[in-house]
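The values are calculated or read from the model by the stated rules, or taken from the named source; none is laboratory data. In this text the structure is predicted, and so the values were computed from the model without any measurement. All Cβ positions, even for glycine, are placed from backbone atoms using ideal geometry, and neighbour counts span all protein chains on display. The area values use the complete protein model at the heavy-atom level, side chains included, leaving out ligands, DNA and RNA. Shrake-Rupley method; radii C 1.70, N 1.55, O 1.52, S 1.80 Å.
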Amino acid sequence: MTILHMDMFLPFILLSLTQGSICIKANAQSCGDCIQVAETCGWCSDENFLTVGESKSARCDDLESLKKRNCNVTKIENPRGHITVNKNKPVTNRKKDGAEKLKPEQITQIQPQKLTLTLRSGEPQTFELKFKRAEDYPIDLYYLMDLSFSMKDDLENVKNLGTDLMREMQEITSDFRIGFGSFVEKTVMPYISTTPARLSNPCTGNQNCTSPFSYKNVLKLTENGDEFNRLVSQQQISGNLDSPEGGFDAIMQVAVCEHIGWRNVTRLLVFSTDAGFHFAGDGKLGGIVLPNDGKCHLENNAYTMSHYYDYPSIAHLVQKLSDHNIQTIFAVTEEFQPVYKELKNLIPKSAVGTLSSNSSNVIKLIIDAYNSLSSEVILENGRLPEGVSINYKSICKNGVEGTGENGRKCSNISIGDEVSFKISIESQKCPSHGKSEVIKIKPLGFTEEVEVVLNFICDCQCAAEGQPNSDVCHNGTFECGACKCNEGRIGRLCECSKDEVRTEDLDANCRKDNGTDICSNNGDCVCGTCECKKRENPAEVYSGKYCECDNFNCDRSNNKLCGGHGRCECRKCICDANYTGSACDCSLDTSTCLAKNGQICNGRGTCDCGNCKCTNPKFQGPTCEICPTCPGVCTEHKDCVQCRAFDAGEKKDTCKQECNYFELKMVKDREKLPQPTDQSFPLTHCKERDANDCWFYYTFAIRNDTKEVYVVENLECPAGPDIIPIVAGVVAGIVLIGLALLLIWKLLMIIHDRREFAKFEKEKMNAKWDTGENPIYKSAVTTVVNPKYEGK
């Protein structure tokens, strides 16, 4: 009985062909292992769920299969992930001309600000992130300028930049601050000349230049444009020996030093130069081998470690600029546009503008670059924990959607526009430490960010209720309806030590009828109990106390197990209703044998397995409706209808004996005959001809096993021939034929005469003789000459 009970549920395993097969293949030994396989896998914690021959891993299956295998729904462990929004401050609707003056930290451009995601392996959690570009958002702009000798004329134009730029930026924001810094080069050979004279004045001729320096913070960020103009006016040009400048040292210090005075607002760094740049590795020329440490080294607003640390690498700069939310604008001359455009492609949220030879267009360049940078939002996230993936989908302006890498960004965003992003985070496995992780998502160039706390579902809730050293388990913990064995113990109840697994005494319990095969060669003997093998196809299952049963070795029909109309239980087909046979290939349904007249096989056979078997071999067809050697219905009944309706025909003398098998009804004309559309039973219309070539019409039908014949009273006989038209037609035909023959003869004679005349004319032209003498003329005078006469 126990084995049959188990086999009743085996067919349901056949439904586990997709996700179910994944769950079964995983061979999970605990609930925690099971839920890590796939999001559709569940664990049945019912103590009595498993039957003889099933291993512990059979508790792990897809949800539908567990229900169909009669696992109580309340006993199915299937924890689900969820999202909790911890901080959801709405985005700020701020107007530039509004009376309310907000501090930068009071402005919100991204929503929500903090979430907690509870993740289960294989189950993505998706949330929506909104971004709205706020109006009148504060801006900090730091102008970093190359003060090598080639930038002399540029410095003159920048001296009034403070007030002019302040005035232009008032159109964008009422909260604007500006700062200024300058750079030249590392103060070691071979970048500069270290002779005392060149150190005091690196310029040639009568040029008065200041001593070389690496980087100076001339003015930290301030709202005072006049102060900017005053301090910049005091700056002097310097000089160096090589063309590339040490701008990367300056950018690094601007990014990491608090002396600059950055606020948590939009941060812009304008880098102005007419030359290229040194980067990591170039310091070796001056004997500098220590990599740049990425820390602030300003003393008295001057970079003091340029001789000690190498130039930073591009990747190092990208990291620091991103960490400090600084957007870079490269204002460079036309000559170096290609170089800095390549650099722009490596630094996110950066722009390149063409600087005129004397920097006269610098304000327009800054405004255009700012508008370009601020019109695009690009999301980035911090380092993801191992096994965690993130996917973005953008819903931008006018409903334009982006996926993949384009799902991270939206372009052409104007002030006040709101865009959104669908962000899906999925974990493929639990972290080894099992603790929470935090990732941060933020738009590049903005200080605001979204904090996402990740909690991982690594075990089932029922595991917390486990009973260590339970009486049910020998040296194990009873949790989630099964025993979780201690180290070194195995078996469903942890009843065996690993050292006892293959003893002869235990193996004897796994042999059916004291045979030689352990577990019928279809399983392993574990602690004296058979645990059946799993086949490559998870839908195919061994079962039984000795694994002697399976659900795939039954008879087949049409290449289908049990004909597709039953289930295989212990190598025997259990057929569905209305099916029988060893392969469930015999249908008990007679609907397929019903003929059009409602009779089974037209009353000429029996219905066997859904197919008609005709009792009379002359009948054929799906319902014995075809008889190739039989006359038709009309021909079959013609003589009887003729003798009974008109007292004529071949059966006139035997009509009473042979033709009483139907009811005869006479009607006046053909319109009175029954019509097929009026009847609920088969009806045949007939038209037959008698010996006098007269037609008679009738119908033959079978209603309630009674044969009915309706006959039209009057015969339709053909009328006799009209002799006069026939004779006239024959005479006219003969005359016409004679005339036609005469005309043909006349035509042939004309053709012949013309041909003969043409032939004569041709011969006449070809004749050759002397036309002066008649060729057939003979003279009447004959002259005879004497041969002896000599004319004397």
(request) Write out, first by first residue and then by second, each pair whose Cβ atoms fall under 7 Å of each other, whose residues are 6+ apart or on separate chains, and whose first residue, in the range 405-417, is under 21 Å from T92 (Cα atoms) and among the charged types (D, E, K, R) while the second is open to solvent by 50 Å² or more (accessible area, probe 1.4 Å) and assigned to a loop (DSSP other than H, G, I, E, B). (result) K409/E376
(request) Select, from T629, T635, T677, the only residue that is over 23 Å from T706 (Cα atoms), open to solvent by 80 Å² or more (accessible area, probe 1.4 Å) and at pLDDT below 85. (result) T629
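Per-residue answers, yes or no, for (1) farther than 19 Å from C627 by Cβ; (2) open to solvent by less than 70 Å² (accessible area, probe 1.4 Å); (3) touching a Lys or Arg at 6+ places or on another chain (Cβ under 8 Å); (4) at pLDDT 90 or above:
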position	(1), (2), (3), (4)
C573	yes, yes, yes, yes
Y579	yes, yes, no, no
S587	yes, yes, no, no
S591	yes, yes, no, no
A595	no, yes, no, no
C601	no, yes, yes, no
R604	no, no, no, no
D608	yes, yes, no, no
(request) Could you list, in sequence order, all residues of the range 206-234 that are at pLDDT below 90 and either of a type in the set (V, I, T) or not assigned by the TED database to the domain that holds K152 (or both)? (result) T210, V232
(message) One residue is enough: does the range 335-352 have a residue meeting the conditions surrounded by 18 or more Cβ atoms within 10 Å (Cβ to Cβ), over 24 Å from P212 (Cβ atoms), in contact with a strand residue (DSSP E or B) (Cβ under 8 Å, 6 or more places away or on another chain) and modelled with pLDDT under 90?
(response) yes
(request) Could you please find all residues in the range 230-247 being open to solvent by 20 Å² or more (accessible area, probe 1.4 Å) and part of a helix (DSSP H, G or I)? (result) R230, L231, S233
(request) Could you grab me the full set of residues in the range 537-554 that are hydrophobic (A, V, I, L, M, F, W, C) and part of a loop (DSSP other than H, G, I, E, B)? (result) A539, C547, F552, C554
(request) Determine, yes or no, whether K435 is open to solvent by 70 Å² or more (accessible area, probe 1.4 Å), closer than 30 Å to H324 by Cβ and of a type outside the set (V, I, T). (result) yes
(request) Pull up the range 437-481, narrow it to residues that are touching a Ser or Thr at 6+ places or on another chain (Cβ under 9 Å) and of a type in the set (A, V, I, L, M), then point me to the one that is nearest to T108 (Cα to Cα). (result) L444
(request) Please tell me if K442 is open to solvent by less than 40 Å² (accessible area, probe 1.4 Å), modelled with pLDDT of 85 or more and basic (K, R). (result) yes
(request) Report, ordered by the first and then the second residue, all pairs with beta carbons closer than 7 Å, sequence separation of six or more or different chains, a first member in the range 184-201 that is closer than 13 Å to Y215 by Cβ, and a second member that is hydrophobic (A, V, I, L, M, F, W, C). (result) V184/L147; V184/F213; E185/I192; T187/F213
(message) Would you confirm, using the coordinates I've provided, whether A58 is among the small types (G, A, S) and under 30 Å from I413 (Cα atoms)?
(response) no
(request) Please determine, by comparing only the residues of the range 449-475 that are open to solvent by 40 Å² or more (accessible area, probe 1.4 Å) and not in a loop (DSSP other than H, G, I, E, B), which one is nearest to K114 (Cα to Cα). (result) E451
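One line per residue, one yes/no per condition, for (1) at pLDDT 90 or above; (2) basic (K, R):
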position	(1), (2)
A26	no, no
S30	no, no
C34	yes, no
G42	yes, no
E47	no, no
G53	no, no
K56	no, yes
R59	no, yes
D62	no, no
(message) Where the second residue is assigned to a helix (DSSP H, G or I) and not hydrophobic (A, V, I, L, M, F, W, C) and the first is closer than 16 Å to E636 by Cα and lies in the range 656-672, which pairs have Cβ atoms under 7 Å and are six or more apart or on separate chains?
(response) C659/R644; L664/R644
(request) Can you tell me which residue within the range 64-116, out of those that are among the acidic types (D, E) and open to solvent by 80 Å² or more (accessible area, probe 1.4 Å), is modelled with the lowest pLDDT? (result) D97
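When you look at N551, is it buried (at least 20 other Cβ atoms within 10 Å of the Cβ), in contact with a Ser or Thr (Cβ under 6 Å, 6 or more places away or on another chain) and either closer than 30 Å to D62 by Cα or not assigned by the TED database to the domain that holds T706 (or both), yes or no?
No; evaluated as a whole, the condition is false for this residue.
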(message) Condition (residue is open to solvent by less than 80 Å² (accessible area, probe 1.4 Å) and either within 60 Å of the chain's Cα centre (by Cα) or farther than 30 Å from I600 by Cβ (or both)) applied to the range 698-709: is it met by at least one residue?
(response) no
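What are the residues in the range 314-334 that are buried (at least 21 other Cβ atoms within 10 Å of the Cβ) and touching a residue at least 60 places away in the same chain (Cβ under 8 Å), if any? Please lay out each step first, then the result.
Step one: of the range 314-334, the residues buried (at least 21 other Cβ atoms within 10 Å of the Cβ) are 317, 321, 325-332.
Passing the criteria: L317, L321, N325, I326, Q327, T328, I329, A331, V332.
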(request) Name the single residue, out of those in the range 353-366 being hydrophobic (A, V, I, L, M, F, W, C) and open to solvent by less than 30 Å² (accessible area, probe 1.4 Å), that is nearest to T328 (Cα to Cα). (result) I366
